[in-house]
Amino acid sequence: MGRLAVVAIGGNSITKADERGTIPEQFENTRETCRHIVQMIARGYDVVVTHGNGPQVGNILLRAEMSSAVLPTLPLDTCGADSQGGMGYMIQQVLGNELRKIGVDRCVTTVVTQTVVDPNDPAFDNPSKPIGPFYTSDEAERKVSDEGWKVIEDAHRGWRRVVPSPMPTRIVEADAIKTLLDTGCIVIGVGGGGIPVVEKNGQLEGVEAVIDKDHASRLIANHIGAELFVMSTDVEQIALHYGTPDEVRLSRLTLEEALSYHAEGHFPPGSMGPKVLASVEFLRGGGEAAIITNPESIEKALDGETGTRITR
Ligand code: ADP
Ligand code: MG
């Protein structure tokens, strides 16, 4: 076995803000990221690749909504499963192709993954994550009365459905992922943070929620005993006073420093906050280092030349 690493790919680096998000665009962005993951593998890492799915699952939901006159709509957990299949297919094909270009023939496979959440998680009483299309207030009212949706007015652009974002507690297919790793496979899993499910009397049931992929990725990272957790996103390093004239980029951070900067409000919820907190939990769970950087900087970040490295 090589050294174990989890690489979490941001959904926003696969469908970029300035692109339409066509499938060829998504494949090209994925190829760019996979070239760097292949370099990690060439350096001896065995890798589990996880990914976000924000833009992609939103599109699947919108497609289902727009065809609801002719086809039954899809619950959000099913949309998440569809995104794991489509994105997993793309990543496993591209990663396999890039590996063969450097003469490596490895098994690369995707695991459709469920993530258990606590039905009593306070997030269920406070749905906060806006998803899918915008509606007029009349349409939104109908969704509330007919389908029991929660809606909010989003930045005066219209009404949107909001769903809970509960904390992940367990990755159902964690042992399957570990077994595949042990047989030499490179595994893609926990897509979109996993399909949210609750446990009732030993039975699993999908729920309409969105799990944070960074928190879910750190769970699988600790489960497999990974030493390294890389979050590949669209910034090269994390910063204090991000986006202001006082911005200071951070190269190395201890767990305590990360927590105190977090408490000072440098890392907002929904973007950098979960990455920093997931790094802290990863280290507490036995991991050696977490790295936050962009895809093109992965190798340099491994060498300590850029990126942000958080250690105990
Ligand atoms: P991903 O899809 O990769 O999870 P997110 O949008 O959730 O990406 O998180 C990355 C974003 O976090 C960056 O694009 C940046 O705009 C934002 N961000 C917020 N605070 C910071 C910070 N302190 N340092 C760096 N980036 C930050
Ligand atoms: Mg994110």
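The residues neighbouring K143, those whose beta-carbon lies less than 11 Å from its own, together hold a net charge of -2 under the Lys/Arg +1, Asp/Glu -1 convention.
Loop-located chymotrypsin sites (Phe, Trp or Tyr not before Pro) in the range 181-268 (DSSP state other than H, G, I, E, B) with a sparse environment of at most 12 neighbouring Cβ atoms within 10 Å are absent.
Distances between placed amide hydrogens fall under 5 Å for I186 paired with C107, V108, T109, all partners being 5 or more residues away or on another chain. Just I23, I220, I298 to compare: in a GNM of the chain, with alpha carbon springs under 10 Å, which one fluctuates most? Evaluated over the chain, the most mobile residue of the options is I23.
For the pair N97 and E296 in one chain, pulling the backbone fully straight at 0.36 nm per residue adds 69.8 nm over the alpha carbon distance.
In the structure displayed, which of K16/K129; K16/K200; K129/K275; K101/K213; K101/K300 lie more than 28 Å apart, Cα to Cα?
K16/K200; K101/K213
Across T136, T78, T113, mean-square fluctuation computed from a Gaussian network of the chain (C-alpha pairs under 10 Å connected) peaks at T136.
Using alpha carbons only, how many degrees (0 to 90, rounded to 10) separate the axis of helix 137-147 from the longest principal axis of the chain? That helix lies at roughly 90 degrees to the long axis. With all protein chains in place and a 1.4 Å probe, the accessible surface of the chain carries 49 percent carbon and sulfur. Only DSSP H runs of four or more residues enter the estimate; each adds -39500 (n - 2.57), and after division by the residues of the chain the mean residue ellipticity at 222 nm equals -12000 deg cm²/dmol.
Stretching the chain fully between D246 and N12 yields a gain of 81.7 nm (0.36 nm per residue, less the alpha carbon separation). For the chain, modelled as a GNM whose springs connect Cα atoms under 10 angstrom apart, the maximal fluctuation among G202, G287, G192 occurs at G202.
Projected label points at R31 and L204, each 7 Å from Cα along the beta carbon direction, are separated by 3.4 nanometres. Label positions at R142 and Q39, each projected 7 Å from the Cα along the C-beta direction, are separated by 5.2 nm. Here's the picture: charge each Lys and Arg Cβ at +1 and each Asp and Glu Cβ at -1 in the range 1-95, and of Q93, T15, V47 the one pushed furthest to the positive end of that dipole is V47. Charges were assigned to the Cβ only: +1 to each Lys and Arg, -1 to each Asp and Glu. The resulting dipole of the range 175-312 about its Cα centre is roughly 220 debye. Among the trypsin sites (Lys or Arg not before Pro) in the range 13-82, those placed in a DSSP loop whose Cβ has at most 16 other Cβ atoms within 10 Å are K16, R20, R43.
Considering only P127, V210, G193, the residue lying farthest towards the positive end of the dipole of the chain is G193, judged by Cα position with unit charges set on Cβ.
Relative to the Cα centre, the charge distribution of the chain, modelled as +1 at Lys and Arg Cβ and -1 at Asp and Glu Cβ, gives a dipole magnitude of about 600 debye. Judged by a Cβ-Cβ distance under 4.7 Å, the unpaired cysteines of the chain are C34, C79.
Note on A155 and S260: the extension gain reaches 34.7 nm, defined as 0.36 nm multiplied by sequence separation minus the Cα-Cα distance.
The values are calculated or read from the model by the stated rules, or taken from the named source; none is laboratory data. All of these numbers come straight from a predicted model, not from anything done at the bench. FYI the Cβ positions are ideal-geometry reconstructions off the backbone, even for glycines, and counts take in every protein chain you see. Heavy atoms of the whole protein, side chains included, go into the accessibility calculation; ligands, DNA and RNA do not. Shrake-Rupley method; radii C 1.70, N 1.55, O 1.52, S 1.80 Å.
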